[in-house]
């Protein structure tokens, strides 16, 4: 991987990013409310599509490298990139919704989890730790912190509670493009050319540590979804972060 300087976004660009982030937060809220027992994942995706249409925004997922729907919706052992289909929502599921948005030429990205009815304690615990890992990682972000420090923190936090992080995916810069430098694995990867990059005011990127008990993933038949090898639960939460003069701001 060749080093490319992460973008520093201007005030006018940040204003549009904040608008996009607000819409991303709102569409996820609408989709969360649609997660009702008896509905299908496809119906939830349609709620997102219609909401984005109403805000004159676009899904950044739709047709991204051929992805067929407007959001990634992953359930239980499918840990990411699930394709919304006719799967019926049932009691006990944990539904991950990832819906990146393009608004006024700017991208923001976020993901949430929705617990349906009575969820077993193991899944509830991992989901909670994944959420806390996201927030605790965001808390260390400020100008001068290195990407390597962020990576180490995520894995260290997960392992403190007995979990692993997935090593085949990563957080990333976002703004003019959906995926851009810097790249932020959930662990310290010695080969990551951004490890020593010190954050600067105006950097924008996602934080999305993916926690599992088994970090061996297999690709599903649809070629998009990734699930754990042993059908165990795993998940993540995600926010888009702006580095500010003194600390950071969550845009989503």
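Spatially, region 61-115 and region 176-211 are offset by 21 Å when compared through their Cα centroids.
In the chain, helical runs assigned H by DSSP with n ≥ 4 each contribute -39500 (n - 2.57); averaged across all residues and rounded to the nearest 500, the mean residue ellipticity at 222 nm is -9500 deg cm²/dmol.
Among 231, 85, the ranking by other beta carbons within 10 Å of each residue's beta carbon, starting with the fewest, stands as 231, 85. From least to most packed, judged by other beta carbons within 10 angstrom and beginning with the fewest, 201, 35 follow the order 201, 35.
Across the chain, Cα pairs under 8 Å and at least six residues apart give a relative contact order of 23 percent.
When only Cα pairs below 8 angstrom with a gap of at least 6 residues are kept, region 111-222 shows a relative contact order of 31 percent.
Counting neighbouring beta carbons within 10 Å and listing from fewest to most, the residues 187, 3 come out as 3, 187. Remark: relative contact order (region 5-95) = 26 percent; criterion is Cα-Cα distance under 8 angstrom and separation of 6 or more residues.
Remark: the residue 26-residue 120 segment gains 31.0 nm on full extension, using 0.36 nm per residue and subtracting the alpha carbon distance.
Rule-based calculations on the coordinates, nothing more; no lab input. Predicted model, so just to flag it, every value in this text is computed and none were measured. Virtual Cβ from ideal backbone geometry, glycine too; neighbours counted across all protein chains shown.
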